[in-house]
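Some notes on the structure that comes next.
Laboratory data are not the source of any read-out in this text; all were calculated from the coordinates shown. Predicted model, so just to flag it, every value in this text is computed and none were measured. Here the Cβ is made from the backbone with ideal geometry for all residues, glycine too, and neighbour counts use every protein chain on show.
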Amino acid sequence: MAFSVCARPFQSAIVHTLRAPLFALSSRATAVNFSVPYKLSSSSVRRLQVPYRHSCICMASSSSASDVAEKSIYDFTVKDIDGNDVSLSTFKGKVLLIVNVASRCGLTTSNYTELAELYSKFKNQGLEILAFPCNQFGAQEPGSNQQIKEFACSRFKAEYPIFDKIDVNGENTAPLYKFLKASKSTGLLGTLVRDNVKWNFEKFLVDKNGNVVGRYEPTTSPANLENDVKQYLEA
């Protein structure tokens with residue numbers, strides 16, 4: 001992952017390619033510290049500090065805050081598992097749980113089972129679960145759309161909408177997922193730092209007004225989201 005740091009106090013720009021940088025803000029939020037897992041130079045420097053007020057971090061794949069502010073989740077149109085266009089404005093007034101799913105993951109059985117239970121319990125109160133197959137994590141969703149549909153609907157009795165297979169990270173990230181990740185970033189500097197989906201079955205919760213209000217780790221059980229879902233259904 002390449003990034004550039006431009007700082008006025010330095011005589012020249014520092015440009016370096018890092019594969020796994022770790023970021024941390026100082027306690028006064030006046031500096032950005034880059035903790036690097038290998039040497040930047042022969043001097044064995046492990047930490048580079050750049051005055052935050054004089055610096056900018058540029059990452060080609062990140063979404064800007066202004067782009068997010070100008071969009072609503074209801075502006076997006078996606079394709080369902082059968083290839084039909086679906087406008088997400090169809091779901092206005094609903095609470096949405098959006099999940100990237102896979103058929104051959106260690107989390108598959110528990111998540112598909114509990115998603116079906118959650119949907120059965122709250123669908124009449126206004127919950128919709130939107131499932132997006134993705135093959136980016138361990139190639140654990142290799143099948144065709146038809147195979148994915150048969151798997152989810154036959155084995156796990158999925159009654160909620162399942163959509164076309166997409167990418168959730170990288171150059172070909174679906175526009176919806178760019179929006180979701182930027183809207184509920186867990187990374188440093190908000191939407192200025194790319195915040196990838198970590199694995200299969202990461203979850204985003206959207207309220208009745210289209211606001212992204214929750215983001216949950218892949219290991220978070222759908223059953224453990226019940227209280228959050230109820231809160232936004234009752235709001």
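What list do you get for 198, 165 if you sort them by fewest beta carbons within 10 Å?
In increasing order of surrounding Cβ atoms, one gets 198, 165.
Enumerate the amide H contacts of residue 215 below 5 Å, restricted to partners 5 or more residues apart or on another chain; note that Pro and chain-start residues carry no placed amide H.
205
Tell me the Kirkwood hydrodynamic radius of the range 66-234 in angstroms, computed as one over the mean inverse distance between distinct C-alpha pairs.
Hydrodynamic radius (Kirkwood, Cα pairs) of the range 66-234 is 16.0 Å.
Under a Cβ-only charge scheme (Lys and Arg +1, Asp and Glu -1), can you give me the dipole magnitude of the range 66-234 about the Cα centre, in debye to the nearest 20?
160
Rank these for me by crowding, 117, 141, 128, going from fewest to most other beta carbons within 10 Å.
The order, fewest Cβ neighbours first, is 117, 128, 141.
Using each residue's phi in the range 224-235, evaluate 6.51 cos²θ - 1.76 cosθ + 1.60 at θ = phi - 60° and report the 3J(HN,Hα) Karplus result to the nearest Hz, with x for Gly and Pro.
Going residue by residue, I get 7, 8, 4, 5, 5, 4, 4, 4, 7, 5, 8, 5 Hz, with x marking Gly and Pro.
In what sequence do 153, 105, 134 fall when counting other Cβ within 10 Å, fewest first?
153, 105, 134
Please give every one of the lysines within straight-line cross-link reach of residue 123, meaning a C-alpha to C-alpha distance under 18 Å, and leave out same-chain neighbours fewer than 8 residues apart.
Partners within reach: 92, 94, 157, 203, 208, 230.
What is the gain in length, in nm to one decimal, between residue 211 and residue 121 on full extension, counting 0.36 nm per residue of separation less the C-alpha to C-alpha distance?
30.2 nm
Which percentage, to the nearest 5, of the DSSP beta bridges contained in the range 66-234 is antiparallel?
55
Can you tell me the equivalent ellipsoid semi-axes for the range 134-235? Use √(5λ) from the Cα gyration tensor, largest first, whole Å.
Largest first, the range 134-235 gives 23, 20, 12 Å.
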